[in-house]
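Colleague: Have a look at the structure that comes next, please.
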Amino acid sequence: MNNLLENINVDLKKFAGYHKSNKVYHGKVPLTSPQNVLRNKVIELGGRKYQLKGSPGTGAFAKVYKASVDGNTEDLVALKIQKPPFPWEFYMYRQLDTRVSDIERPSFGYTHEVHVYADVSVLVCDYLPYGTLLDVINSHLVLERHMDEVLCIYYTIEMLRMLETLHSVGIIHGDFKPDNMLVCYPSGEITDETFKGETRSERNQGLCLVDWGRGIDLNLFPSGAEFYGDCRTSGFSCVEMQEQRAWTFQADTYGLCVIAHMMLHGTQMSIQKTPRPDGSYMYQPTTPFKRYWNVELWKNLFSTLLNATSNGSDAAVLRSLRMSFQEYLCSNRQLVGKLNQQLAKQKTSLCLS
Ligand SMILES: Nc1ncnc2c1ncn2[C@@H]1O[C@H](COP(=O)(O)OP(=O)(O)OP(=O)(O)O)[C@@H](O)[C@H]1O
Ligand SMILES: [Mg+2]
């Protein structure tokens, strides 16, 4: 373990944007002040002035602020302030920069720099203005409406693509939940061509995955390594974690199932375990699917991902699931039209709220 940490420290110093000081943060306004004190204050980091605007989110250890840079109201960033300091997330972002292809890279957020002090660290990231997938799910719940199936399919394709990309380069996100997915809107109308092609384009990007603090870099471990233990938010721990068994990619794929379930049913997923003749168990969601959904697609998604073993990469399985959803979307012209309508409606209603 000590070796691992030493290697990472050597790597960190080499990365562009890594700024480390052994002193505590000495700016005029302490970074750990309550949110109401920090609002509209200007803080200085690495020669730049950041004016803190609002606060899109607060977690257990981190506070995230929207900020403008050097008085330019068009240049917006998200500042993630963490106490105690936590440079790991920056390490994960730089691994994404080197390992993920240019075409897939926008799905995972960008960081410009990190400032690490003795007491606190600040990560400077691109700011995305449209809220999270959790906001989208909640906006339907307050109206007591379910998300349209076509939207659930679209976001499921996005998530399958993300995990296929990450897992094939030896990265586990480790905190795959809807408040870590920032919503994006495609620059133009989505056409069925965008789902026929193999590569993504900004014309169909709908999500951006952030919060890499629990990310796992499999390259730091011997090949075939598996993990034990459960540090997940309740409701997102995979069955292996719940049953104290070894896990790898299931940490993320279980999260994907929970999110798909939240979108479809508006509730957290509960799992039922059915014995098989060979003594093993079959895992599936307890709540049945609605008859008018495309039941076969969803059944296949949940039964495949909830029963996946830790046997090597799951990228091929994720790809074939994604293709089944994409083929369905392209099978009927009206579906893609409906998707565009639903996205336009969602964007208007969430941006006005
Ligand atoms: N780049 C960004 N642009 C806009 N909003 C963001 C951005 N990054 C984070 N947010 C918002 O801030 C919230 C918290 O950010 P994040 O998930 O990174 O931290 P956290 O959950 O507090 O971290 P931790 O899990 O380490 O406690 C997110 O759920 C999202 O609402
Ligand atoms: Mg988070």
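Taken together, the values in this text are just the output of simple stated rules run on the coordinates, not laboratory data. The model shown is predicted, which means the values in this text are computed figures rather than measured ones. For neighbour counting, all protein chains shown are included, and Cβ atoms are generated from backbone atoms with ideal geometry for every residue, glycine included.
Colleague: Counting other beta carbons within 10 Å of each Cβ, put SER270, SER237 in order, fewest first. It would help to have the intermediate numbers written out before the result.
Modeller: Values: SER270 10, SER237 19.
Ascending number of Cβ neighbours within 10 Å: SER270, SER237.
Colleague: Something else: Quick one: length gained pulling THR191 to GLU6 fully straight, 0.36 nm per residue minus the C-alpha distance?
Modeller: Length gained between THR191 and GLU6: 61.7 nm.
Colleague: Then there is this: So how do 18-26, 77-85 stack up, highest first, on mean other-Cβ count within 10 Å?
Modeller: 77-85, 18-26
Colleague: As a test of the formula, what do you get for the chain when each DSSP H run with n ≥ 4 contributes -39,500 (n - 2.57) and the sum is divided by the residue count, at 222 nm and rounded to the nearest 500 deg cm²/dmol?
Modeller: -11500 deg cm²/dmol
Colleague: Let me ask something additional. Taking a cut-off of 16 Å, what percent of all Cα-Cα pairs in the stretch 2-126 are separated by more than that? Let's see the in-between values first.
Modeller: Working: 4846 of 7750 pairs.
Result for the distance tail: 63 percent.
Colleague: Going by C-beta contacts inside 10 Å, put CYS231, CYS330, CYS152, CYS238 in order with the fewest on the left.
Modeller: Lowest to highest Cβ neighbour count: CYS231, CYS330, CYS152, CYS238.
Colleague: When only Cα pairs under 8 Å and 6 or more residues apart are kept, what is the percent relative contact order across the stretch 207-320?
Modeller: RCO, the stretch 207-320: 21 percent.
Colleague: Cross-link partners among lysines for LYS20, C-alpha distance below 30 Å, same-chain residues fewer than 8 apart left out?
Modeller: LYS28, LYS41, LYS49, LYS53, LYS63, LYS66, LYS80, LYS83
Colleague: Over the stretch 83-217, what is the relative contact order in percent, taking alpha-carbon pairs closer than 8 angstrom and at least six residues apart?
Modeller: Details: 178 pairs, mean separation 43.7, N = 135.
Worked out over the stretch 83-217, it gives 32 percent.
Colleague: Now a separate question. Peptides 206-219, 312-325: what's the order by average Cβ count within 10 Å, highest mean first?
Modeller: Those peptides, ordered most packed to least, come out 206-219, 312-325.
Colleague: Just order 177-187, 295-305 by mean Cβ neighbour count inside 10 Å, highest at the front, would you?
Modeller: Sorting 177-187, 295-305 by mean packing, highest first, produces 177-187, 295-305.
Colleague: Separate question: Report relative contact order for the stretch 2-126 in percent, whole number only (criteria: Cα-Cα under 8 Å, sequence separation at least 6).
Modeller: Result for the stretch 2-126 is 27 percent.
Colleague: Within the chain, which complete DSSP H helices have Cα atoms spanning at least 20 Å along the helix axis and a mean Kyte-Doolittle hydropathy of -0.5 or higher?
Modeller: In the chain, the long hydrophobic H runs are 149-168, 250-265, 315-330, 333-352.
Colleague: Next up: So how far, in whole Å, is the C-alpha centre of the stretch 203-264 from the one of the stretch 40-119?
Modeller: Distance between centres, Cα-based: 23 Å.
Colleague: While we're here: Using Cβ contacts closer than 10 Å as the measure, can you line up TRP293, TRP247 from fewest to most?
Modeller: The fewest-first ordering by Cβ neighbours comes to TRP293, TRP247.
Colleague: Normalised by the empirical 2.2 N^0.38 Å for globular proteins, what value does the Cα Rg of the chain take?
Modeller: Against the empirical 2.2 N^0.38 Å value, I get 1.03 for the chain.
Colleague: If a paramagnetic tag sat 7 Å from the Cα of VAL295 along the Cα-Cβ line, which residues of the stretch 246-286 would have the backbone N under 17 Å from that point?
Modeller: 265, 284-286
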